[in-house]
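The values are calculated or read from the model by the stated rules, or taken from the named source; none is laboratory data. As the structure is a computational prediction, the values presented were derived from the model and not from experiment. Here Cβ is always computed from backbone atoms with ideal geometry, including for glycine, and neighbour counts include all displayed protein chains. Heads up: the accessible areas ignore ligands, DNA and RNA and are worked out on the full protein's heavy atoms, side chains in. Shrake-Rupley method; radii C 1.70, N 1.55, O 1.52, S 1.80 Å.
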Amino acid sequence: MTSTPSAPPVITRFAPSPTGHLHIGGARTALFCWAYARRHNGAFLLRIEDTDQKRSSEAASRGILEDLAWLGIDWDEGPVFKRENADGTTTTLGGNPRSVGSFYQSDRRDIYDSYVDWLVERDLAYPAFDTPEALAAMRQLAEKEKRTFVYRRAADYNRDAALARMRSGEPCPIRFKMPATPIDFRDEVLGDITVSNDELDDFVIRKADGFPTYHFAVVIDDELMGTTHIMRGQEHLNNTPRHVALMRALVNQTTNRTFRIPKFAHLTVIANQDNSKMSKRDRDKAARAKCRELNIKTADDVRARANARPLPRFDALSPADFEQWLGDKARQLETHALEDLASVIGVELPEIAVDDFRRSGYLPDAVLNYIALLGWNPGEKGPDGKDLERFDTGYLVEKFAFDRVGKSASKFDRAKLIAFNQDAIAQLSDEEFLTRWAAWARRDDVETLERLGIERLKLVAGAIKGRCRTLKDVRPLVSFAMVDDDAYAFNPKDVEKHLKADDGAGLATLRALAPKLQALPAFDVASIDALLDAHATDTGLGMGKVAQPLRVAVTGAAVSPPLGATLAILGRDGTLARIRRCLDTVTRA
RNA sequence: GGCCCCGUCGUCUAGCCUGGUCCAGGACACCACCCUUUCACGGUGGACACGCGGGUUCGAAUCCCGCCGGGGUCACCA
């Protein structure tokens with residue numbers, strides 16, 4: 001063993017490249033790595049693979065840390081992050097207890113360089129000077145001949161000359177000399193895999209810009225950080241033989257032992273319903289398609305549709321940028337600008353990144369539960385005799401093992417996630433529900449939070465909780481209370497049916513009810529319900545004939561949360577003002 | 001196209017390793033009915049799958065072979 005005697009028995013790692021928010025597929029990988037480490041009292045480590053200077057950003061790194069922390073996937077080693085917990089305490093995630101950091105690959109270039117040098121000295125790796133054009137030509141030729149393109153060091157390669165060029169400072173990539181033997185390895189979920197060496201090329205381990213490639217950095221770091229189990233997406237399956245070849249060639253410079261081969265487990269891809277890969281660009285794609293459908297060609301077309309509604313983030317965009325975006329599939333709009341646009345044109349943007357789900361009002365528990373089931377199944381029955389599907393991370397940790405990880409790709413079913421989320425919300429206590437909603441609304445629905453206030457919401461938490469599929473649903477549920485008492489519109493059909501019909505029976509009920517509501521000692525859900533109930537019984541009208549007219553009177557429509565809650569959130573004054581206004585308007589009409 | 005992986009209801013899956021208990025079970029979605037002051041919740045019921053073709057066997061979703069289908073990958077991106 002290379003690591004200190006106190007090294008944990010199992011070390012897993014999640015190693016994202018910071019090019020944007022954490023993808024939902026990445027979240028599942030992280031979850032499984034985390035669960036496996038916890039299951040075996042091991043350590044879960046987070047490493048940021050920022051070797052691509054052009055695409056990596058610090059903001060993205062921070063975003064990924066936040067996403068993971070929000071999900072509740074804690075890392076033991078890695079970048080330090082202070083998470084604010086719901087109860088006001090702070091938890092510090094990450095750290096460097098075994099002195100194996102830094103956890104940013106861009107900080108570790110000296111380490112990679114020394115291993116590259118070691119390989120080059122032994123002619124196990126070599127500098128290459130092919131032009132991009134020459135490489136492209138070789139690829140084309142291979143394609144024409146219908147074979148895999150495999151880069152090999154040319155027969156007339158002059159090592160001394162190449163080394164001299166490299167030492168003179170000419171920028172060049174370093175390639176690993178692939179041994180001429182087939183590579184085999186075991187995958188914990190897929191089984192034994194063998195790859196013929198004519199499929200394996202002399203791949204680049206250090207780019208001309210001096211940064212290591214993914215393949216190299218990952219191998220060095222997993223050895224130096226003591227990774228025992230590598231779990232990652234199946235798109236890496238074809239890279240694994242390269243990594244194994246590297247591991248077999250390398251020697252740990254501190255222990256003088258050859259690299260250990262960790263266990264591998266490749267997780268299947270998560271796809272959209274139409275089998276396309278879930279991609280961050282899907283959101284832009286959805287919006288772009290809708291624009292085409294609505295024949296929107298310029299930013300002005302969008303503003304015209306917005307009817308003077310302010311769209312701060314969208315307006316921050318230059319019209320030229322927008323038009324370019326419309327015509328260029330490769331372009332992505334800034335998150336909030338895209339959401340502004342979506343609200344105007346009426347598309348639902350598919351959630352792809354963890355942060356999308358957060359902003360759409362999903363609970364981390366529900367997201368975790370759902371993605372755990374994508375490719376893993378406990379294979380157990382619950383007390384009701386049905387397959388066990390709903391569980392928390394504690395259960396996952398207790399049960400997670402590779403033998404129940406699926407081999408076939410799965411499609412992401414948003415409807416099922418919503419069902420999980422709806423249940424998760426319904427199971428929250430009223431206080432917890434409000435706490436969670438308020439935390440969410442502070443970032444994502446400030447208007448509702450401010451307009452209604454948490455105190456008024458407290459009155460109706462119980463009534464709306466069970467009606468929310470996501471936290472976002474609170475708003476439409478209470479939107480009737482967000483307009484002034486004289487500003488909501490009456491739905492003509494509902495007015496006809498519940499108020500005017502039967503010679504204005506509904507209106508008569510309102511006139512009878514108003515003084516009773518006025519006189520009610522306490523204007524809370526229970527008292528209101530009791531009053532309505534008594535009125536329905538005493539008059540012999542039945543609840544339907546009492547509740548519906550009232551509902552239409554105070555909200556303008558025949559659909560709202562239960563009446564007690566509806567009236568309570570409006571308050572006594574609001575309720576009476578609305579009944580008065582209804583009586584005035586509708587009677588006159 | 002080469003290579004690698006995969007193939008049970010629309011979707012996620014249980015069952016497959018250790019053939020019979022599977023005319024294939026659950027969940028989500030869907031449909032119907034019930035409950036009901038609207039919406040929602042809940043309850044009951046329904047429709048829906050072993051990709052195809054050959055073997056092996058008394059017997060195959062389960063084992064073998066072929067075909068077909070899907071995905072991944074073929075970068076100085078990870």
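Kindly indicate whether A:HIS229 is away from RNA strand B (no atom under 15 Å from the Cβ), touching a residue at least 24 places away in the same chain (Cβ under 8 Å) and within 27 Å of the chain's Cα centre (by Cα).
Values: away from RNA strand B (no atom under 15 Å from the Cβ): yes; touching a residue at least 24 places away in the same chain (Cβ under 8 Å): yes; within 27 Å of the chain's Cα centre (by Cα): yes.
Here the answer is yes, as A:HIS229 does meet what is asked.
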Of all residues in the stretch A:529-556 being within 44 Å of the chain's Cα centre (by Cα) and of a type in the set (D, E, K, R), which is modelled with the lowest pLDDT? A:ASP529
Given (1) more than 30 Å from A:ASP538 (Cα to Cα); (2) open to solvent by 30 Å² or more (accessible area, probe 1.4 Å); (3) within 31 Å of the chain's Cα centre (by Cα), A:GLY462 misses just (1)
Name the residue, out of A:ALA481, A:ALA415, A:ALA461, A:ALA526, that is in contact with an Asp or Glu (Cβ under 7 Å, 6 or more places away or on another chain), within 15 Å of RNA strand B (Cβ to nearest atom) and of a type in the set (A, V, I, L, M, F, W, C). A:ALA461
Would you confirm, using the coordinates I've provided, whether A:GLY94 is on the phi > 0 side of the Ramachandran plot, more than 16 Å from RNA strand B (Cβ to nearest atom) and either assigned to a strand (DSSP E or B) or touching a residue at least 40 places away in the same chain (Cβ under 8 Å) (or both)? yes
Determine which single condition A:ALA553 fails, assuming it passes every other condition in (1) within 15 Å of RNA strand B (Cβ to nearest atom); (2) in contact (Cβ under 8 Å) with a residue 60 or more places away in the chain; (3) open to solvent by less than 10 Å² (accessible area, probe 1.4 Å). (2)
Only one of (1) closer than 29 Å to A:PHE412 by Cβ; (2) in contact with an Asp or Glu (Cβ under 6 Å, 6 or more places away or on another chain) fails for A:MET178. Which number is that? (1)
Conditions: (1) of a type in the set (D, E, K, R); (2) within 14 Å of A:ALA557 (Cα to Cα); (3) open to solvent by 70 Å² or more (accessible area, probe 1.4 Å). A:ASP494 meets all but one. Number of the miss? (3)
Sort out which residues of the stretch A:39-56 are open to solvent by 50 Å² or more (accessible area, probe 1.4 Å) and either free of Cβ contacts under 8 Å to residues at least 60 places away in the same chain or within 15 Å of RNA strand B (Cβ to nearest atom) (or both), and write them in order of number. A:HIS40, A:ASN41, A:GLN53, A:LYS54, A:ARG55
Residue ID - farthest from RNA strand B (Cβ to nearest atom), chosen from residues in the stretch A:100-127 that are surrounded by fewer than 15 Cβ atoms within 10 Å (Cβ to Cβ) and part of a helix (DSSP H, G or I): A:GLU121
Within the stretch A:113-142, how many residues turn out to be farther than 16 Å from A:GLU170 by Cβ and at pLDDT 95 or above? 11
Looking at the stretch A:310-418, what helices (runs of 4 or more DSSP H) fall wholly within it and have at least 3 residues that are open to solvent by 20 Å² or more (accessible area, probe 1.4 Å) and over 30 Å from A:CYS33 (Cα atoms)? A:312-315, A:319-327, A:335-345
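Kindly indicate which of A:ASN197, A:ASN158 is in contact with a Pro (Cβ under 8 Å, 6 or more places away or on another chain) and under 21 Å from A:LEU119 (Cα atoms). It would help to see each step written out before you state the result.
Details: A:ASN158 fails: in contact with a Pro (Cβ under 8 Å, 6 or more places away or on another chain).
The conditions single out A:ASN197.
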Kindly check whether there is at least one residue in the stretch A:531-541 that is open to solvent by 10 Å² or more (accessible area, probe 1.4 Å), part of a loop (DSSP other than H, G, I, E, B), away from RNA strand B (no atom under 12 Å from the Cβ) and among the small types (Gly, Ala, Ser). yes
For the stretch A:128-162, which residues satisfy the criterion of being open to solvent by less than 90 Å² (accessible area, probe 1.4 Å) and touching a residue at least 24 places away in the same chain (Cβ under 8 Å)? A:ALA128, A:PHE129, A:THR148, A:PHE149, A:VAL150, A:TYR151, A:ARG153, A:TYR157, A:ARG159, A:ALA162
For A:ILE220, are the conditions met, namely being more than 8 Å from RNA strand B (Cβ to nearest atom), farther than 30 Å from A:PHE412 by Cβ and crowded, with 21+ Cβ neighbours inside 10 Å? yes
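Checking the condition surrounded by 15 or more Cβ atoms within 10 Å (Cβ to Cβ), in a helix (DSSP H, G or I) and not assigned by TED's automatic domain parsing to the domain that holds A:ASP117, which residue from A:ALA286, A:ALA304, A:ALA245 passes? Please lay out each step first, then the result.
Details: A:ALA304 fails: surrounded by 15 or more Cβ atoms within 10 Å (Cβ to Cβ); A:ALA245 fails: not assigned by TED's automatic domain parsing to the domain that holds A:ASP117.
Testing whether each residue is surrounded by 15 or more Cβ atoms within 10 Å (Cβ to Cβ), in a helix (DSSP H, G or I) and not assigned by TED's automatic domain parsing to the domain that holds A:ASP117 leaves just A:ALA286.
How many residues are aliphatic (A, V, I, L, M), over 16 Å from A:LEU368 (Cα atoms) and more than 7 Å from RNA strand B (Cβ to nearest atom) when one looks only at the stretch A:379-412? Outline the logic, then answer.
Of all residues in the stretch A:379-412, those aliphatic (A, V, I, L, M) come to A:388, A:396-397, A:401, A:405, A:409.
From the residues that got through so far, the ones that are over 16 Å from A:LEU368 (Cα atoms) too are A:401, A:409.
From the residues that got through so far, the ones that are more than 7 Å from RNA strand B (Cβ to nearest atom) too are A:401.
Of the residues in that region, 1 qualify.
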